[in-house]
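Structure first, commentary second.
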Amino acid sequence: MKVLIPSALQSYTGAAQVEAAGDSLFELIGALDARFPGIRFRMVDEQDRLRRHMRCFVNGAQVHDLGRPLAADDEVAIIQALSGG
């Protein structure tokens, strides 16, 4: 499936869009980490929840549950909020 990567994480992927697979959002993030080591830590905390500044959208709808099932033709957008002064 198509995964859109925010610019802050493109240092891991080298691209704004990658192809990856997973039966759930949790598995998809694991597959991304297997291919791009370290990216999962930037997205998921130690309790296996999305970090506060991360958002995931599947086919345009925001998803909070990492267990959400995915289909091969889904489009996943990973968004990272920016903060600072």
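The GluC sites (Glu not before Pro) of region 1-84 that meet both conditions, a loop assignment by DSSP and at most 16 other Cβ atoms within 10 Å of the site Cβ, are 46. Contact order, relative form, for the chain: 35 percent (alpha carbon pairs under 8 Å, 6 or more residues apart, mean separation divided by residue count).
Hey, can you grab everything whose amide H is under 5 Å from the amide H of residue 44? Only 5+ residues off in sequence or another chain; H modelled, so Pro and N-termini drop out. The answer is 51. Taking 21, 31, 71 in turn, the Gaussian network model of the chain (Cα-Cα springs below 10 Å) assigns the largest fluctuation to 71. At R0 = 25 Å, how high is the FRET efficiency between residue 80 and residue 23 if r is their beta carbon distance? Nearest 0.05 is fine. Efficiency, from the Cβ-Cβ distance: 0.55.
Here r is the Cβ-Cβ distance between residue 53 and residue 16 and R0 is 22 Å; the resulting FRET efficiency, rounded to 0.05, is 0.75. According to the Kirkwood relation over distinct C-alpha pairs, the hydrodynamic radius of region 8-50 is 10.6 Å. For region 41-85, what is the convex hull (Cα atoms) projected area averaged across all directions, in square nanometres? Average of the hull's projected areas for region 41-85 equals 3.8 nm².
Using every pair of separate Cα atoms, the Kirkwood estimate puts the hydrodynamic radius of the chain at 12.8 angstrom.
Amide H contacts of residue 24: 70, each under 5 Å away and 5 or more positions distant or on a separate chain (H built 1.01 Å from N in the peptide plane; Pro and chain starts excluded).
Computed from the coordinates by the stated procedures, all read-outs in this text should not be read as laboratory data. Since the structure is predicted, the reported quantities are computational estimates derived from the model, not experimental observations. A quick note on method: Cβ atoms are made from the backbone with ideal geometry, for glycine too, and the neighbour counts reach across all protein chains shown.
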